[in-house]
Every structure is written in C-alpha cells, then in structure tokens.
1. Starting from the exponent 0.38 and prefactor 2.2 Å, build the expected Rg for the stretch 17-216 from its residue count and divide its actual Cα Rg by it.
2. Could you look at the chain and say what percent of its accessible area is carbon and sulfur, using a 1.4 Å probe and all protein chains?
3. Give me the accessible area per residue for the stretch 126-180, probe 1.4 Å, as a whole number in Å².
4. For the stretch 119-209, treating each Cα as an identical point scatterer without solvent, what Debye log10 I(q)/I(0) comes out at q = 0.13, 0.19 1/Å?
5. Residue by residue through the stretch 57-63, which ³J(HN,Hα) values in whole Hz follow from phi under the Karplus form 6.51 cos²θ - 1.76 cosθ + 1.60 (θ = phi - 60°), with glycine and proline marked x?
6. Using helices alone, I'd like the mean residue ellipticity at 222 nm for the chain: each DSSP H run of four-plus residues gives -39500 (n - 2.57), total over residue count, nearest 500.
7. Multiplying the sequence separation of Ala41 and Asp144 by 0.36 nm and subtracting their Cα-Cα distance, what value in nm do you get?
8. Counting alpha carbon pairs within less than 8 Å and at least 6 residues apart, what relative contact order, in whole percent, applies to the chain?
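The values are calculated or read from the model by the stated rules, or taken from the named source; none is laboratory data. Keep in mind it's a predicted model, so treat the numbers as computed, not measured. With ligands, DNA and RNA removed, areas are computed over all heavy atoms of the protein, side chains included. Shrake-Rupley method; radii C 1.70, N 1.55, O 1.52, S 1.80 Å.
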Amino acid sequence: MPYIGTMQQSLFDADGGKEALAPGATVLRGFARKRDVALLAAVEEIATQALFRHMVTPGGFEMSVAMTNCGAAGWVTDRTGYRYQAHDPHSGAPWPAMPAGFLALADEAATAAGFADFVPDACLINRYEPGTKLSLHQDKDEADYAHPIVSVSLGLPATFQFGGPKRGDPVRKVALEHGDVVVWGGPSRLFHHGVLTLKSGEHPLTGRRRFNLTLRKAL
Ligand code: SIN
Ligand code: FE2
C-alpha cells in the first residue's frame, strides 16, 4: 500500500466511527486517541496523590485490577460494601480533582453517543496487567441512572463483554483498542459488562498495562 494510503488509514482510525452495541450503547472507535498522551499524563499525576490499590470485595476477595479515582466522589469497595465517598480511604484526603480534559472528553463522547450535557463527578481509574480481569457486573452504585457511563480505553487491548439486564443474558464480546470509548445509558444503563483476562503485550505508551477511565455522575 502506498504511504499516503497508510496515512489515510491511520487518520480514519483516529476517529473511526460509531458501532452500536445495544440500545443506548455505542462504541466510539478511536475517540480519545488524539488525547492519549495528555490523558495518561493526568492519570500518572492523579496516581502520585491517590495511589493505585487492590480493593477488597464485600465477600473478602482482593480485586486483580488496581484502582484509584478522581473527582468529587470515588468508587470504593471493602468488607462493608460498595459505595462512593469523597475521601481516599488510604490517605484520608479528598480524591484529586477531575482534570478539565476528562470532563471535556466525557461530554463530547456522551454527546456523540446521543446523551447531551453529561457532567461526571466521579472517575474510576482501572489499571489492568496481563492476567487480570473484571467479572461481569452492573454499575449501580450511582444515585441516578438517568446519566450515561463513559468508559475510555488506553494502552493494551482488551476484550470487553456487554450483556443485558440479567446476569445470565447473552454477552457480546467487543475488542477494545487504545483510544476507544464506550458509552452506555438509557435502556442499557444497567446492562452487565466486564473485561476478560488481559493478554500479555507491550504498548508504546503504557507498557504491559491497560488503563480504563470510567466517568460517571455518581452523586
Ligand atoms: C468497568 O466496568 O469498571 C471497566 C470497564 C473496562 O475496563 O473497560
Ligand atoms: Fe463497570
């Protein structure tokens, strides 16, 4: 393929269009890719203040995915349950502020997926290493399900699972690449989803890691 063709392909991939996943759920291919360096720098800065940690589920299992948060509210789990709280339980300090670039990306992605005026107040940051996974779950600790979820993938690719309202519903598998954004809300707001065990690999910006930003209106 001539060089110009390759260029056109990569430009296309950088804003690679929309794929419907379920009613109210959309994959925006490459939507965050042009901002990848800034997003990852912000994650690194946040993690110097609120360290990545392996939280414990109410059932007593340590999660394989390491997590931290930014924004007015952060999602936490421990033996007493799942919840949002304003302070990092490790440091006692408020979570780092939500960077302006996260707010802008969340609103633009939500708008592109058909949800206007999305203003998240919580961003859960997940860090996956090869061998880690996130079991099927619903995002249901938020106060009002009228707001969508905006989920940004950075680094190593992963297989995302997107099911239905019931845990046993059939699941669609979607390969998510660096820069892809998934938005779900409305009829699929409470659909089950998860991430299959991350395969090993090396990403030029993140090394042997995948990061996911889950932007939510929690309060
Ligand atoms: C999540 O559901 O919290 C994260 C999803 C992902 O990592 O893609
Ligand atoms: Fe989730």
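1. Compared with the compact-globule rule of thumb, the stretch 17-216 sits at 0.94.
2. 58
3. It amounts to 45 Å² per residue over the stretch 126-180.
4. The calculated log intensity ratios at q = 0.13, 0.19 Å⁻¹ are -0.45, -0.93.
5. 6, x, x, x, 8, 6, 6
6. The per-residue figure over the chain is -5500 deg cm²/dmol.
7. Extending this stretch completely gives an extra 34.0 nm.
8. Normalised by residue count, the contact order of the chain is 24 percent.
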